[in-house]
Structure formats: structure tokens, C-alpha cells
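Down below is the structure, laid out as C-alpha cells.
What follows draws every value from the coordinates through simple rules; no lab data is involved. Owing to the predicted nature of the structure, the values given are computational and were not obtained by experimental measurement. In this analysis, Cβ positions are derived from the backbone assuming ideal geometry, glycine residues included, and neighbour counts consider all displayed protein chains.
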Amino acid sequence: MANFNIDAKQNMTYDAIVIGSGISGGWAAKELCENGLKTLVLERGRLVEHVKDYPTMNLDPWDMELRGGISPELQKKHYKGGRSGFIGETNEHFHANDLENPYTEVKPFMWVRAHQMGGRSILWGKQCYRWSDLDFEANAKDGHGVDWPIRYKDIEPWYTYVEKFAGISGESLGLSHLPDSHFLPAMELNCVEKHVKGRLEKEYPGRHLIIGRVAHLTEPLNGRGKCQYRNRCDRGCPYGAYFSSNAVTLPAANATGNLTIRPFSIVQSIIYDEEKGKAIGVRIIDAETNEVMEYFARIIFCNASALSSTQILLNSTSGRFPNGLGNDSGELGHNLMDHTYRIGAMGVVDGFEDQYFKGRRPNGIYIPRYVNLDEKTRSDKFVRGFGFQGGGGRSGWGAGANLENFGGDFKDSLMKPGPWEFFITGFAECLPYHDNKVYLNKDVLDKWGQPTLSIDCEWKENEKALNKQIREDAKEMLERVGLKDIVDFDNQHEPGYGIHEMGTARMGRDPKTSVLNGTNQVHACKNVFVTDGACMTSSSCVNPSLTYMALTARAAHHAVTELKKFNL
Amino acid sequence: MNRRNALKKSALLAGSAIAVPSLFSLLQSCKQQNRLDWAPVFLSEDQAKFISAFVDTLLPRTETPGALDVKTDIFLDLVFAKTYDTKAQENVVNEIKKFNEECKQRHGKVFADLNMEERMAVFKNKEAESPKFNPKVWGTAVGEQKPVGFYRSLKSMTLWGYFSSEEIGVKHLNYDPVPGEYRGCVPLSEIGNTWSL
């Protein structure tokens, strides 16, 4: 790969500035560069070049001194995000420093951040599902939040567009509420997953169990290799087999010659020009030197991640926008959403002892939403719905800890795979509530003396009712498909655990009640676009990243068209 | 113990910075009869003997290597030293002390000095009285995990230390670092042992 141009000193003025280089920022950079715009990507962390900067990608457990464990000092550095249980010796370097970047939990909220080039696109779960009009019409139909300014038909071609480039593997199902993507061949279900699928679909007509739809290549694409089934994705993939900004969109942007990426650039605010009535650039703090600098451009894409983009807008005050850029409605910072997480059931599957699998598939099964689709499936306990992720496998030596046994025979028995187990865990849609919010905290400053965020968010009655149903349904489904030793669970995780933060700068039709218009432009400052999770008007129950990609590509093309017409 | 060997081992284990105090404790230990042949980084010699005896009772050598063969005790000492905070380290020390006191009460000696039969009786008791781990989803326990106690916790760590060692991971489990494909249903007879990764 050609080296990235990081010499932003040469030039302080660009056609476009993109704030952030994660999933949506990478797409903004690619689309803007490919359309001929000289684009500056500002990344608050360090450069992470594909392959070169994946230090743990090939390490076996015994290659690491602590075989995955981390020191008390590193645990402290990740004292907030570490609650996820996902941070270890293999990927610690891709997680943000919570000590340097504090935030305040008015109510418990886990905020997982990744401050480096590529952001959380290195770490994400890669599950990709299209949203449908069930989602885009939901607010209008049940009166929660405000209406989305778009419908499925507006975004459908952009889903196809990004899927063809990102590479999504999966199986077509023909469901109108979970539209099929442009798919690469699906990964395979294992014996027990196939067995459970058969029983489940027979017991529950209208419910489906499918292989997860994921941004992993099952065939080579554009010079990227296919998945090798090592399941070491969060260390960075040497084959470029899963979608990340580092492996996919940023190299494409770079190939145009139009990209400059400036690392260690913390965007402090967007500069609004009162006379021109638009944004003219951004003010940054160099994270290494603390130098404050200004960069200028005709359009600005805000892709810092849902809460960070909103933080930047809140911090961008001017005579015209005393309460934050684009905050005429007072909705900036409000309507924060996530998905509920880790509520479900698991059990043991009898039989199949003579069967095993080969490869470590970085993917599981999915059970699409089946409630509140129509009159027939309507629930009187809650609005919206949920889907399940899960999977089957054989227990390994770890299960030995619970066996009431020890000694030589015990040890040797653990060399063989144990019983088959199967689990499902639900993800429920969260409603947009005005009082689930973030706001600037000027009492707690970060390492660079900047105000931080306070997060005040909680699950309310509808989410609790959905979670209750998830647990009951999960248990019942596993019982009816014939599993034994079933354990149902609700870990009562606070918001943030879904790592699907959405909202706080929502799209809407009416500038009085929303921050962004139907093409992700700040209503009253149209050359500022926000296309990450902040823009979401509702949360659906399916994973949001694919929708960020599609919205970003769509908005970038709109920006280019408008620039050509001199409308921005 | 040969001084040169002792120096080599402790340096290998802990890096030069920690080699000096370790070496000191090792030289001290050479005076004793029932001595360790490795230099702990965190544990005292008596505590280290406990850990060695524990992992050996749990996973003794058979036709396949035992926990001592793959240095599981040495690894656990390193885990205590490098991943535990002071409070957790104090807890390990206290729990080993408690465990040994129970052994003294029942069998008149600390755990490391018991014969295999007595050790097995202790383990049997501990198995019966120790709470269990909740199942896990994506690496985290589901439901509210009650403390499992020192015995089961150390058992779990011993299994980790043993099965994540190179010797077991490469030669005894089924090692396939780059599978290249996923096949959902393969006869177990074609594969044999559990995948190591």
C-alpha cells in the first residue's frame, strides 16, 4: 500500500474535512476523494496502517507473556471500557485511554472508545443488517420520537452500493422487514445449529434461524483476501478479510491522491462564520504538542462517533449558535439510544458426539425479529421488537473448572471436545427519549483541558418489557427445540453495553425538533454533515453500522452534487 | 541448586530487574530439604510449593505431560505478579494460608507435605463445597456470578495455564493456526482432539 500523506502542514485549506476515521469517516473520505475533493481526515489518535500496525495478529497464547492477561496499570487505563470484558493483551492497544479521556456517568453507561486511525472499525462485531420501513416508519406510527425524514427506498440503492464494496456474506431470506443485502456466499451453520434451525422453524412458523450476515469476505474482493477462520479479528486482519477503514475505505481514498490524514488531531470545535452563514473550518488541538491550529474547507463531515460528534457540535458555539452548532431545536445531545444486551438463554444439546467442526468462524446465528411486525404478531406489552444472536459449539477444556473431578483421567478427558451447547442472546430496540442525553461537563476536563461529556441515560419501561419478553422467549424456544440444562439470564447491563450508541443529533423533517435534515446536513448550517451514529432518529433492533455506511455514502454524494451546483 | 542454573532460570522468568531478589530467595531456599527448583517472582517459597502441589494434584503427569511438566505453577506465579493488584495479591496469600491451615487441621500438615491420597481427599471436599461458574456468553458470565471461592478459581486458572501452554497447545490439542476454511459438520474421528485455539 502506498504511504498515507500525513503532511497537513503543506496546506491548511481543503475541499472537505472529515472528522474521524472509523466506519463512517472512512466511507466519507473514500466517497469525497473519489469524487475529486481534496480531503483532510482528522484523526485524534495515532496512525494504524493495515497489517503493519497489527502487532498481535499472529500471536498464539503462549507467544504472549501473560497469555492475554493485562497488568493492573493497563486495567486502570481501561477502567471504563474494560467492563465489556473484551480488552486483553491482544487488543488493548486499540482501546482508548479512559484516564486521559474521562466522562461522567450520571447514571451507569459504558462507553467503549477507540482513539486511533480506523477507530472501532478494527474492533467491531461486523454484523450487518439492512433496516427496513418497519424501522423507518416506527416513530411516525407509534408516536415516539420524530419521524425519520427518509424511507427504505431512499437508502436502498446506497445499501447495495456500500455492500458491493464492503463485502457482506449472508443468506437471502426474502423478508420485507429484514431486507436481503447484496451477498457474498454465506458461512456455514454447524451440525447443531442446523439441527436447532430445523426444530425451531417447525415449532414456530414465521420464525427463522439464519447464519449471521457479516462484513467478512467469503470470496476475495478487490485485492482483499477471504476469511481464513482464525477468529482473531480484533487484532487486525492480515488478509483484510473483514471490513475496516484501515483495510478497505482509507486505502481506496488514499489511492485517489486526494487524501491527507492528520493523526493526533483532536477537533475542538467547528468554526462558524457569521457573515457567510456557514462553517468554514475546524479548530484542532495537536494531541502531542498541544498546539491549537485551524484548518479550512468548504464542507465538513462529522464522523467522530455518535457521542463525540455531538460533543464537538456542543463545543462549537458562536453568536448564531450559542448552545452548540445546529442546536436551534434544543435536541442536540438528546435522544440517546443503544440496544439492550446479554439477555437470553443457553442449554446443552444431546447427541452429535461424533461430529465436530473445522475453523473458528467469526460469526454466529441470527433470529430476525418476529414481534410487532403486523396485527397478527402485535404485542400489547411493548412497542418495537428484538432479534437474537447466538450460536452452537462444543465445550472445551474450560468447562473442566466446573466438573467435580480432577487428576490424570480428568486431564486427559479434557483433551476431547465436551457436549454441544447452544445459546441465544437478544438485542432490543430502545426508544428515543428526550431525557436520555449527554451534555458538556466543564468541571471535568480531559488531558487537553477540554470539557468532557456527562451521560445521563437509562432503560425505561418499554425496554424493560422487551427484555422480559426476550428472556421468556429465549427460554421457551430452547425448551421447545429440545435442549436440556437450560439457563436463562438477564445481566441487567446498563446502556452502552450494546456498543451501538445512536442519536443525540437526530435527523428529522422539522428543524424545530431535529438537528439534521434528510441528507444528514445540519438544518441551519448545511455544509456540516453528521453521518455517524449521532444522526439516528430511532434505533431499530438490528445492528446499525451498515446503515451508517449507506447514509454516509448517500450524504457524501449529495454533498458533491450540491458543491457542483454551488449550493454549499 | 547450582548457582549458575538458578541465575539463568530466574533471569529467564522475570527479566533482569526482578532477578536479584528472586535469586536471593532462591539461595536461601537451597538450604532447605524440600526445595523448589524455580525462583518465584511473587510467591514465597512455601506459597510456591503450595501452587506446585496444587497444579500437580489437579493435572498430574500421565501418558501426557502434567501441569508441572509445562510449568503451570511458574506461569501462575507470573500471573499473580503481573496481572493482580495489591489487594488481589494479598487475597492469594491469605487464601493459600487458609487452605494450608485447613489441611493442617485435618491431616496435620500443609498441603504440599501431604501424600497423594490425602491431597485427593482435600480436593474431593473442596469440589463438593465450592460454588460453580455460571455459563459464559462471548467470554463473560451470564447472570449474577457468585464468588466461586479460591479452590475453583485456582482450578480454572490452572486449566488455563496448562492448556494455553505451547507444549499442550501444539503437540496434544489440535493445533491449526490458519484453518483457511470453515466446515460446520466434520466427523470427530477426522479431527481427534479438541482444537487448541
Residue A:349 neighbourhood, Cβ < 14 Å, K/R = +1, D/E = -1, net charge -1
Over all residues in B:163-176, what is the mean tally of Cβ atoms on other chains that come within 10 Å of each residue's Cβ? 4
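Whats the longest run of chain A with zero chymotrypsin sites (Phe, Trp or Tyr not before Pro) that are DSSP loop and have at most 13 other Cβ atoms within 10 Å? Each step should come with its number before you reach the end.
Details: sites that count: A:79, A:566.
No qualifying site falls inside A:80-565, the longest such stretch.
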Trypsin sites (Lys or Arg not before Pro) lying in DSSP loop within segment B:98-137, provided at most 15 other Cβ fall within 10 Å: B:109, B:132
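Looking only at other chains, what is the average number of their beta-carbon atoms within 10 angstrom of each beta-carbon in B:79-87?
On the way: counts 4, 0, 2, 7, 9, 4, 5, 1, 1.
Average neighbour count from other chains, rounded to a whole number: 4.
Looking at segment A:348-452, which trypsin sites (Lys or Arg not before Pro) are in a loop (DSSP not H, G, I, E or B) and have at most 14 other Cβ atoms within 10 Å? Show your work: numbers first, answer last.
Numbers: sites: A:358, A:360, A:369, A:376, A:378, A:381, A:384, A:394, A:411, A:437, A:442, A:447; in loops: A:360, A:369, A:376, A:378, A:381, A:384, A:447.
Answer by residue number: A:376, A:378, A:381, A:447.
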Vicinal HN-Hα couplings computed from phi for segment B:99-110 (Karplus, 6.51 cos²θ - 1.76 cosθ + 1.60; Hz; Gly/Pro x): 4, 5, 5, 4, 4, 4, 4, 7, 10, x, 9, 6
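Quick one: net charge around residue A:441, please, counting Lys, Arg +1 and Asp, Glu -1 for every other residue with C-beta under 13 Å from its C-beta. If you can, show how the numbers build up before the last one.
Values: positive: A:437, A:442; negative: A:105, A:443, A:446, A:456.
It works out to a net charge of -2.
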Under 13 Å from residue A:226, Cα to Cα: aspartates and glutamates that are on another chain or at least 8 residues apart: B:181
Near residue A:202, which lysines are there with a Cα under 19 Å away, not counting those fewer than 8 places off in the same chain? A:194, A:376, A:475, A:484
Counting only residues 5 or more apart in sequence or on a different chain, those whose built amide H sits under 5 Å from that of residue A:265 are A:43, A:44, A:45, A:287
Of B:92, A:117, A:373, which is farthest on the positive side of the dipole of the protein assembly as shown, counting Cα position, with +1 on Lys and Arg Cβ, -1 on Asp and Glu Cβ, and the Cα centre as origin? A:117
Neighbourhood charge, 13 Å Cβ-Cβ cut-off, centred on residue A:205 and excluding it, Lys, Arg +1 and Asp, Glu -1: +3
Scattering profile of chain A at q = 0.05, 0.07, 0.09, 0.10 Å⁻¹ [log10 I(q)/I(0), Debye over alpha-carbon scatterers]: -0.20, -0.40, -0.66, -0.82
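Hey, which of these cross-link pairs are over 28 Å Cα-Cα: A:9/A:437; A:126/B:82; B:98/B:155; A:76/A:358; A:442/A:468?
Numbers: A:9/A:437 37 Å; A:126/B:82 33 Å; B:98/B:155 16 Å; A:76/A:358 38 Å; A:442/A:468 38 Å.
In this structure, A:9/A:437; A:126/B:82; A:76/A:358; A:442/A:468 exceed 28 Å between Cα atoms.
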Within 10 Å of each Cβ of A:339-346, how many other protein chain Cβ atoms are there on average? 2
Highest mean first, what order results for A:251-260, A:15-24, A:169-178 on Cβ atoms within 10 Å? A:15-24, A:251-260, A:169-178
C-alpha center-to-center spacing [segment A:119-157, segment A:505-568] in angstrom: 12
Sort A:40, A:414 so the one with the fewest other Cβ atoms within 10 Å of its own Cβ comes first. A:414, A:40
Enumerate the amide H contacts of residue A:433 below 5 Å, restricted to partners 5 or more residues apart or on another chain; note that Pro and chain-start residues carry no placed amide H. A:335, A:336
Can you give the angle from 0 to 90° between the axis of helix A:191-203 and the longest principal axis of chain A, with both taken from C-alpha atoms, to the nearest 10? 90
Go through segment A:168-180 residue by residue and turn each phi into a ³J(HN,Hα) via Karplus (6.51, -1.76, 1.60, θ = phi - 60°); whole Hz please, and just put x for glycine and proline. 10, 9, x, 10, 6, 10, x, 7, 6, 8, 9, x, 5
Per the beta carbon screen (other Cys under 4.7 Å), unpartnered cysteines of chain A come out as A:33, A:128, A:227, A:233, A:237, A:302, A:430, A:457, A:525, A:535, A:541
Two-decimal Rg to Rh for segment B:40-164 - Kirkwood Rh, Cα set: 0.96
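Starting from segment A:1-78, pick out the trypsin sites (Lys or Arg not before Pro) whose DSSP state is loop and whose Cβ has at most 12 other Cβ atoms within 10 Å.
For trypsin sites (Lys or Arg not before Pro) across segment A:1-78 that sit outside H, G, I, E and B with at most 12 neighbouring Cβ atoms in 10 Å, the list reads A:9, A:52.
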What lysines does residue A:564 reach when the alpha-carbon gap must be under 23 Å and sequence neighbours fewer than 8 apart in one chain are set aside? A:30, A:38, A:276, A:278, A:526
Using only Cα atoms, tell me the angle between helix A:545-564 and the longest principal axis of chain A; keep it within 0 to 90° and round to the nearest 10. 20
Residue farthest toward the positive end of the dipole of the protein assembly as shown, with Cβ of Lys/Arg at +1 and Asp/Glu at -1: which of A:401, A:71, A:345? A:71
Return, for the Cα atoms of segment A:97-183, the radius of gyration and Dmax in Å, separated by a comma. 17.4, 47
When the Karplus curve 6.51 cos²θ - 1.76 cosθ + 1.60 is applied with θ = phi - 60°, which whole-Hz ³J(HN,Hα) does each residue of segment A:340-346 get, with x for Gly and Pro? 5, 8, 6, 10, x, 7, 9
Near the amide H of residue A:271, under 5 Å away, which other amide H atoms are found, from residues 5 or more places off or on another chain, if H is placed in the peptide plane? A:280, A:281, A:282, A:283
